[in-house]
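J.: Got a structure for you, written out below as structure tokens; questions coming shortly.
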Amino acid sequence: MKKTINEKTQKAVPDGRRVRSERSRKAIIDAMLKLVAEGTLVPTAQQVSERAGVGLRSVFRHFSDVESVFATLDIEVRKQYQGLFAGGDRNGTLKERLQHAVEQRALAYEASGNYLLTNRAQAWRYPVLREQYIRTQRQLRKDLDDWLPELKKLALGERELVDSIASFEYWNRLREHQGLNKKTSTELVTRLMSRIIVND
């Protein structure tokens with residue numbers, strides 16, 4: 001049986017609303033990503049709504065509270081930058097792999113630094129961000145094991161020291177607080193890790 005024009009119209013209305021809703025949600029997330037990338041580490045709902053071109057109510061209609069906005073942002077960031085952390089040439093001697101591992105981390109940290117800072121700035125307030133941060137640290141530790149299986153032979157204290165040196169927090173200190181450039185920071189991290197792992 002053929003559908004009447006009225007039936008077709010009734011079906012099209014919800015579909016249209018769903019499309020507009022999905023478009024608004026994407027605009028909100030894109031706005032958050034852009035604001036953080038530009039250096040606004042803790043965007044307000046008002047800033048997000050203005051950048052997204054949607055009403056303030058729309059932000060909270062799509063996200064029950066500010067925590068859910070930051071949680072969704074964190075998920076989107078990991079989708080975008082996970083490949084950077086997981087990539088790189090993992091072949092070669094220990095020294096070569098160590099060098100490659102630090103260079104790959106430096107590349108990922110430089111690209112995602114503002115987003116990582118946003119997570120740290122809001123983690124005290126939102127439990128979901130603390131949980132995501134802990135999960136990310138576990139993944140990074142596992143990834144470093146993949147780069148450098150030799151780490152499993154280290155004493156616990158030495159292994160923890162390696163993770164500290166390879167962390168974003170240490171990288172950010174070198175780059176932002178101590179004013180070192182990317183090349184010098186990479187060389188320093190490589191040298192410190194080499195002293196523990198390679199013992200030369």
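J.: Regarding the chain, what is the average projected area of its C-alpha convex hull, in nm²? Let's see the in-between values first.
T.: Working: hull surface 65.0 nm².
Approximately 16.3 nm², given one-decimal rounding.
J.: While we're on this one: Please work out the ratio of the alpha-carbon Rg of region 98-159 to 2.2 N^0.38 Å and round it to two decimals.
T.: My calculation over the Cα atoms of region 98-159 gives 1.30.
J.: Report, please, the projected area of region 26-124 averaged over directions, based on the convex hull of its C-alpha atoms, in nm². Mind showing how you got there, number by number?
T.: Values: hull surface 27.3 nm².
Computing the convex hull of the Cα atoms and averaging its projections yields 6.8 nm².
J.: Using DSSP to define loop residues, name the chymotrypsin sites (Phe, Trp or Tyr not before Pro) in region 80-151 whose beta-carbon has at most 10 other beta-carbon atoms within 10 Å.
T.: Here the sparse-neighbourhood loop sites are Trp124.
J.: Can I ask one more? Tell me, what ³J(HN,Hα) does each residue in region 158-172 have, in order and in whole Hz, if you take phi through Karplus 6.51 cos²θ - 1.76 cosθ + 1.60 with θ = phi - 60° and put x for Gly and Pro?
T.: With the stated coefficients, region 158-172 comes to 5, 5, 5, 5, 4, 4, 5, 5, 7, 6, 5, 4, 5, 4, 5 Hz.
J.: Once the dipole of the chain is set up with Lys and Arg at +1 and Asp and Glu at -1 on Cβ about the Cα centre, which of Val77, Leu56, Leu174 lies farthest towards its positive end?
T.: Checking the options against the dipole of the chain, the answer is Leu56.
J.: Place a point 7 Å from the Cα of Gln80 along the Cα-to-Cβ direction; which residues of region 115-147 have their backbone N under 19 Å from it?
T.: 115-123, 129, 132-133, 136
J.: Run through all the Cα pairs of region 115-200 and give the fraction in each 10 Å bin from 0, expressed as whole percent.
T.: 15, 41, 34, 9, 0
J.: How many nm is it between the label spots at Leu180 and Asp145, if each spot is 7 Å from the Cα in line with the beta carbon?
T.: Those two pseudo-labels are separated by 2.8 nm.
J.: Which FRET efficiency value, to the nearest 0.05, is calculated for Asp65 and Asp15 with the Förster distance at 25 angstrom and r the Cβ-Cβ distance?
T.: Calculated value: 0.35.
Quick note: the coordinates plus some simple rules give every number you see, no bench work behind them. A quick note: this is a predicted structure, and the numbers were derived from the prediction, not measured. Reconstructed Cβ throughout: ideal geometry from the backbone, glycine too, with neighbour counts over all protein chains shown.
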